[in-house]
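Student: Got a structure here, written out as structure tokens. Questions coming.
The values are calculated or read from the model by the stated rules, or taken from the named source; none is laboratory data. Here the structure is a predicted model, which is why all the values come from computation and not from measurement. Backbone-built Cβ (ideal geometry, glycine too); neighbour counts: all protein chains shown. Heads up: the accessible areas ignore ligands, DNA and RNA and are worked out on the full protein's heavy atoms, side chains in. Shrake-Rupley method; radii C 1.70, N 1.55, O 1.52, S 1.80 Å.
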Amino acid sequence: MKTSLIAAALVLSALVQGTSPGASAQAVAETPAEYFGFTPGDDGKLMDYGQLVGYLRMLDEASPRVELREIGRSPLGRTMYIAFISSESNISRLDDLREINRRLALDPAIGDRERAGLIDGAPVFFLATLSMHSTEVAPSQAAPLIAWDLATSGDPQVLRWLDDVVYMMVPNHNPDGMDMIVEHYRKYAGTKYDGSTMPGLYHKYVGHDNNRDFVILSQSDTKAISAVQSTVWYPQVMVEKHQMGSTGVRYYVPPNHDPIAENIDAVIWTWMGIFGSNMLKDMTAAGLAGVTQHYLFDEYWPGSTGTSNWKNVISFLTEGASANIASPVFIEPNELHVSGKGLAEYKKSINMPHPWPGGWWRLGDLVQYEIVSTMSIIKTCSNHRGDILRVRNDLCRGEVDRGRSEPPFYYVMPVVQRDPSEAAGIVDLLIEHGALVHRLTGPVKIDGRVFEAGDVVVTLAQPFRPFVKEVMEPQAFPERHYTPGGELIKPYDVASWSLPLHRGVVAHEIRTRSAELEASLEPLGAGSQYRRDDPSGVVVASIFPAESNESFLAAFHAAGRGLGVFRMRGPAAAGGKTWTTGGFVVPGDPSGDTRIAELLSGLRVTPDFIEDAGDLEAVLRGCSPVRVPRIGLVETWFHDMDAGWTRFIFDRYGIPFTLLRPTDFAGTDLAAKFDVLVFPDSDKEILMTGRRKRGDDYYPSSYPPAYDGGIGKQGVERLMRFVDAGGTVVAWGRSTELFEGTLAIPRGKDETEDFDLPFSTMGERLRQGGFYSPGSLLRVKLLEGHPLTLGMGTEAGVVVRGGAAFGTSPPRFDMDRRVIAVFPEKEILMSGYIEKEELIANRTAMVWMRKGKGQFVFCSFNPQFRAQTAGTFKLVFNALLLDPLKE
């Protein structure tokens, strides 16, 4: 086993300076090698999260240069931390320095003389978030070596850096996933399955999608990191440290490749280039080969830097080549290749001036790259300390001025919305992100449109203007090409994230500045827009309108608390109020039932109330009891993120379910145990066989053999019996292909009833025809009045990646079908980018079908895409609550 040379190099560096490595830590801080029993980066060795935090806690106690602070909890309850590392003087006044950060970030009115004084006495705060994707282990494994070196060094240059910089290290962004990966690696280390893929998600819910959560902040770990950037510490510089595949470049540093977010000030991009060029210079000088810039990773979408560059933070990511977790890999020279933006060949070029030649690649090698790149960033922060601090406030001033002089000037969300719970959610989310939100105190008329008291106003004259504009406007993808009129430079991930459009909320962009409006604003706090005082009289029932997503949350949670829940079969009225079909009624008085009181206290929107027993009796005559179905949720072992997002939504909304793996089908009486089976988006071959397929060939699994297998023939028979007994199948995306073609219901020992559902998937044909939608929001028209669209309007926006549409045909025998959602003839694109949209014009996007007593609800899109498309959540909720069919 190879022993890393990093620790020896650090000791040598200290000795050359004439100091002992541990002198400034009062000789009580153990080196990482002494503490862990191995040097981080050694072959086959990994520390877990508890050990990592334990080491940093020891440094905190031993060194005046280190302070460890809690910042939140992971989804599975682990404590998250920042390690602040700086000079003793800076550490002793962290909270005073935080106030300077806040003023530079948010106060455009600081006078020049006062600003100069603030800058003169302040360090740069540099935030690094490590290993959010848990198979990308090197950044967190390098963390103790970096911390120890900075805490103990006597090098005058390092000491100057620490005077000028506060290094804010989040030792691991995803503590739950870190422990999962380390546990799996240790279990199989040294065996035939050394370095095998961990089955399932390395997160409670979202796995590799955790950096896709930085707009909606649904997960507690992303909430914690966002707060550090946006509302607590306001760092001036930020890096996210990632890894990539093994057979390409060794290390990526900024600047990014096109396209970039056009709302961001040019100064952010220029500073990103300065940091990246210095990393390339310093890493190459240290003999680290294969470092590249302007490669593969764009800076258009928000995932790579957690929206911080939309908030005037100089933000970037690095990407290192992976070993096989902690096991070394040998890369032949002719296996090295590149693809995508910035490099067409693996050759010496301006974007990769010193290629890596191939050979053994170890975790310890990448740890060395992490150390040198981090030290380079700290050095650049130090060398440009005053400029970086000044730029932060310049950006604050500039964005406020731009918001006063350039349209749009405001986004206005009327207080009256189809789904007020989602409008309230946007308000709370904007405030959580650090944006300023107001409401009107009286009516105002602008450009012929009257806005009323209570309407929400988000002004653009605020420091985080780029963020506000990005999340409130429809996205228009910046089309850039490799050559004039040539191939499009495609986005790295999705192309749409507009909060109002994704949530079905009306927001007006106002391009005329209004003094009257600005004089009629009052600040709006989180959770205050749609809350009303409780009624003064006796309440006999709470009414939750079908239009609100929160009504479904209330209904499912109420049922889970043992309360009676009823659903309106038609329109209802009482006490001068009316409600549409699909609303929920929960009888009982909140003042006399703590279950109801607790339920109501957690809602963003106060429900309606019935105070007359006679009115309640009349309403209930038009209702049916809500029967929460027995739900089976199908999730493969193949890092099934869409299923994870579905679990998250079900947990959040109080929807009970049982997790089903594909291999469970053959041994489970599905008809006896479940009423509804939910198939989130997954590859048909993975569902059926537990293997990936390309053409006619199956790939061998990278998982340990205990996780091999799929639904199989016996499982499909069980599934068909479930349908035949009156079960409901809800499926979307690629999973719908499982039900395409000839299906067979067992009828006897050697007999089956063969049938074809009256639909076909069109994704492959659309892609071959040139249809392209890279995670854009597309318009669909909805079938009004159908049980699946209760509470919804006449249209909705759906996120489409790749090709997504169905063909339908007239049914035969005991089958039927209804088209629930269809792409319109024109104006299909709502936000993002699309090519050949005419190919899906008037195509089916969602269909309901029946076979005997069995029901099928299929979406060609993901109706709960990454928990971001709240405007189509009701399609899922209504599908779960479909009434069983009779003979």
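Student: Using only DSSP helix segments of four residues or longer, with each worth -39500 (n - 2.57), what per-residue ellipticity at 222 nm results for the chain after dividing by its residue count and rounding to 500?
Tutor: The helix contribution divided over the chain gives -9000 deg cm²/dmol.
Student: Ok, one more. Provide the packing ranking of 613-623, 673-683, i.e. peptides ordered by the mean count of other C-beta atoms within 10 Å per residue, highest first.
Tutor: 673-683, 613-623
Student: How high is the FRET efficiency from residue 628 to residue 116, r the C-beta distance, R0 56 Å, rounded to 0.05?
Tutor: So the FRET efficiency works out to roughly 0.30.
Student: For residue 387, put the label point 7 Å out on the Cα→Cβ axis and report which residues of region 231-259 keep their amide N under 16 Å from it.
Tutor: 237, 255
Student: If you average the sequence gap of Cα pairs under 8 Å that are 6 or more apart and divide by the length of the chain, what percent do you get for the contact order?
Tutor: Contact order relative to length: 10 percent.
Student: Let's see if you can work this out: charge +1 on each Lys and Arg Cβ, -1 on each Asp and Glu Cβ, no other charges. What is the dipole magnitude of region 31-73 about its Cα centre, in debye to the nearest 20?
Tutor: 160 debye
Student: Give the average over all directions of the projected area of the C-alpha convex hull of the chain, one decimal, in nm².
Tutor: 39.4 nm²
Student: Report the gain in length on full extension from residue 765 to residue 577: 0.36 nm times residue separation, minus Cα-Cα distance, nm rounded to one decimal.
Tutor: 62.7 nm
Student: Can I ask one more? If I take R0 = 56 Å and measure r between the Cβ atoms of residue 487 and residue 447 in this structure, what FRET efficiency does the formula 1/(1 + (r/R0)^6) give, to the nearest 0.05?
Tutor: According to the calculation, E is roughly 0.85.
Student: Treat every Asp and Glu Cβ in region 476-607 as -1 and every Lys and Arg Cβ as +1, leave all other atoms uncharged, and give the resulting dipole magnitude about the Cα centre to the nearest 20 debye.
Tutor: 340 debye
Student: Follow-up. If you restrict to DSSP beta bridges whose two residues both lie in the chain, what percentage is antiparallel, to the nearest 5?
Tutor: 70 percent
Student: Moving on to the next point. Counting only protein heavy atoms and a 1.4 Å probe, tell me what percentage of region 509-584's accessible area is made up of carbon and sulfur.
Tutor: Carbon and sulfur together cover 51 percent of it.
Student: Using each residue's phi in region 492-497, evaluate 6.51 cos²θ - 1.76 cosθ + 1.60 at θ = phi - 60° and report the 3J(HN,Hα) Karplus result to the nearest Hz, with x for Gly and Pro.
Tutor: So the Karplus estimates, Gly and Pro as x, are 5, 9, 8, 10, 9, 8 Hz.
Student: Just want the answer: with Cβ charges of +1 for Lys and Arg and -1 for Asp and Glu, which residue in 819, 790, 761 is farthest toward the dipole's positive end in region 746-861?
Tutor: 790
Student: If I model a spin label as a point 7 Å beyond the Cα along the Cα-Cβ vector, how far apart are those points for residue 88 and residue 697 in nm?
Tutor: In this crude label model, residue 88 to residue 697 measures out at 6.4 nm.
Student: Another question, if that's okay. Which order, highest average first, do 65-76, 392-403 follow once you tally other Cβ atoms within 10 Å for each residue and take the mean per peptide?
Tutor: Top of the packing list down: 392-403, 65-76.
Student: Ok, one more. Karplus couplings for region 524-530 from phi (6.51 cos²θ - 1.76 cosθ + 1.60, θ = phi - 60°), rounded to Hz, Gly and Pro as x?
Tutor: 10, x, 5, x, 10, 6, 10
Student: Please list 247-260, 43-56 highest first by mean number of surrounding beta-carbon atoms within 10 Å per residue.
Tutor: So the order, starting with the most tightly packed, is 247-260, 43-56.
Student: In addition: When a/c is below 1.5 the answer is rounded, else prolate if a/b is larger than b/c, else oblate, so apply that to region 776-836 with a ≥ b ≥ c taken from the square roots of the Cα gyration tensor eigenvalues.
Tutor: Taking the square roots of the gyration eigenvalues as a ≥ b ≥ c, region 776-836 is oblate.
Student: Enumerate the calculated ³J(HN,Hα) couplings along region 286-298 in order (Karplus 6.51 cos²θ - 1.76 cosθ + 1.60, θ = phi - 60°), each rounded to whole Hz, writing x wherever the residue is Gly or Pro.
Tutor: 7, x, 8, 8, x, 8, 10, 10, 6, 10, 6, 8, 8
Student: Counting other C-beta atoms within 10 Å, and keeping those with at most 11, which DSSP coil trypsin sites (Lys or Arg not before Pro) do you find in region 293-379?
Tutor: Hits after loop and neighbour filter: 347, 348.
Student: Span-like helices, the chain: DSSP H, alpha-carbon axial extent 24 Å or more, mean Kyte-Doolittle -0.5 or greater, which ones?
Tutor: TM-like helix candidates: 266-285, 363-383.
Student: Restrict the search to region 783-887; then list the trypsin sites (Lys or Arg not before Pro) that DSSP places in a loop and that have at most 11 other Cβ atoms within 10 Å of their Cβ.
Tutor: Counting only loop positions with at most 11 other Cβ atoms within 10 Å, the trypsin sites (Lys or Arg not before Pro) in region 783-887 are 812, 826, 886.
Student: Would you work out which of 847, 167, 429 lies farthest towards the positive end of the dipole of the chain, given +1 charges on the beta-carbon of Lys and Arg and -1 on that of Asp and Glu, about the Cα centre?
Tutor: 847
Student: Moving on to the next point. At 7 Å along the Cα-to-beta-carbon direction for both residue 286 and residue 99, put a label point, then send me their distance in nm to one decimal.
Tutor: 3.7 nm
Student: Contour minus end-to-end for residue 345 and residue 69, with contour as 0.36 nm per residue of separation and end-to-end as the Cα-Cα distance?
Tutor: 94.8 nm
Student: If I model a spin label at residue 783 and residue 836 as a point 7 Å from the Cα along the Cα→Cβ vector, what separation in nanometres do I get?
Tutor: Calculated label separation equals 2.8 nm.
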